Structure formats: C-alpha cells, structure tokens
Amino acid sequence: MHKKSLFPIIYGMLSALIAFIAVFFICLRSFRWSLPSAILAGGLFAICFFVLSWFRGHASVEIKRITQEYHLSDQDLARITGMKASDFPVYQDKLQLILPKRYWPKILEALQKYERERKQVEL
C-alpha cells in the first residue's frame with residue numbers, strides 16, 4: 001500500500017481559494033453581479049481549479065514516486081514513455097519534471113502501466 005500525499009489536496013485547496021477570491025471580486029466589482037451570483041460563479045471556478053490543481057499535484061507525486069521506487073534513470077523513463085532522455089533530468093536522485101504539464105497524463109499512464117507489469121512479473 002502506498003502512502004497518500006497531502007500535497008495534491010493542499011495545492012488544490014490553495015488554488016481553489018485564490019480562484020474563488022479572484023472570480024468573486026471580479027464578478028462583484030467589475031460585472032456588478034449580485035452577491036449570490038458572484039458567490040456561485042466563484043464557487044464554480046473554485047471547483048474547476050481544485051480539480052485541475054489536484055490532478056497536477058497527484059500526477060507529479062505519482063510520477064516521482066514510481067521513478068524513485070523503481071530507481072528509474074532518464075534513459076529508462078525515455079524508453080518507457082517514448083520520449084527523449086533529456087526530457088527527464090534527474091538531479092541528486094530526484095526527478096525534475098520540466099516537461100509541460102500537458103504531457104504529464106501521458107507520462108503517468110505509461111509509468112502506471114510499467115508499474116502494473118512489474119507487479120505482475122513479481123507475482
């Protein structure tokens with residue numbers, strides 16, 4: 001069983017709070033919406049930003065966990081994901097995610113597939 005990280009939740013909550021405050025005040029002051037409408041719009045944006053930020057945090061933690069657990073090098077990551085080794089710099093035994101966030105789901109999916117295959121071989 002893997003230890004769950006609080007980072008994605010905290011990251012998502014902070015992002016949601018900032019989004020709520022920003023949208024709330026924009027709707028209230030700039031658009032002159034009523035208070036309930038501004039709260040509703042802020043809440044909807046906060047939910048969207050929470051989900052987006054939570055996934056980014058979760059993907060980052062999972063990618064780094066799998067990389068560290070299986071001691072994967074930049075060459076291993078390049079082979080598993082089909083990308084270049086220079087996309088995966090590893091400094092002081094820690095992966096630096098320098099790729100654009102739009103590639104993270106692809107990388108996470110490939111690494112989770114690799115992890116499942118490794119676990120099946122071990123059984």
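The values are calculated or read from the model by the stated rules, or taken from the named source; none is laboratory data. Since we're looking at a predicted model, the values are computed, not measured. Note that we place each Cβ from the backbone using ideal geometry, even for glycine, and neighbour counts take in every protein chain shown. SASA here: full protein model, heavy atoms, side chains in, ligands and nucleic acids out. Shrake-Rupley method; radii C 1.70, N 1.55, O 1.52, S 1.80 Å.
Report ³J(HN,Hα) in whole Hz for each residue of segment 46-62, in order, from the Karplus equation J = 6.51 cos²θ - 1.76 cosθ + 1.60 where θ = phi - 60°; Gly and Pro get x.
Values, residue by residue: 4, 4, 4, 5, 4, 4, 4, 5, 4, 5, 4, x, 4, 4, 4, 5, 5 Hz.
For a distance above 12 Å, tell me the whole-number percent of Cα pairs in segment 1-52 that qualify.
In whole percent, the share of Cα-Cα pairs in segment 1-52 beyond 12 Å is 62.
Do you know the Lys pair count in the chain for C-alpha distances under 19 Å, with sequence separation 8 or more or different chains?
Close lysine pairs found across the chain: 15.
Using the Karplus equation 6.51 cos²θ - 1.76 cosθ + 1.60 (θ = phi - 60°), what ³J(HN,Hα) coupling, rounded to whole Hz, does each residue of segment 80-88 give in order, writing x for Gly and Pro?
5, 8, x, 10, 7, 5, 5, 6, 10
Need the full-extension length gain, LYS106 to CYS48, defined as separation in residues times 0.36 nm minus the C-alpha distance. One decimal, nm.
18.8 nm
May I ask for log10 I(q)/I(0) of the chain at q = 0.10, 0.15, 0.17, 0.23 Å⁻¹, from a Debye sum over the Cα atoms as equal point scatterers with solvent left out?
-0.44, -0.75, -0.86, -1.24
Counting only protein heavy atoms and using a 1.4 Å probe, what share of the accessible area of the chain belongs to carbon plus sulfur, as a whole percent?
63
For the chain, take the longest principal axis of its alpha carbons; what is the angle in degrees between that and the long axis of helix 104-122, to the nearest 10 within 0 to 90?
Helix 104-122 sits at roughly 40 degrees to that axis.
What FRET efficiency, computed as 1/(1 + (r/R0)^6) with R0 = 41 Å and r the Cβ-Cβ distance, is obtained for ARG65 and LEU40, rounded to the nearest 0.05?
My answer for the efficiency is 0.65.
Going by amide H atoms built from the backbone, whose H comes under 5 Å of the H on LEU95, apart from near neighbours?
Answer set, sorted by chain and number: none.
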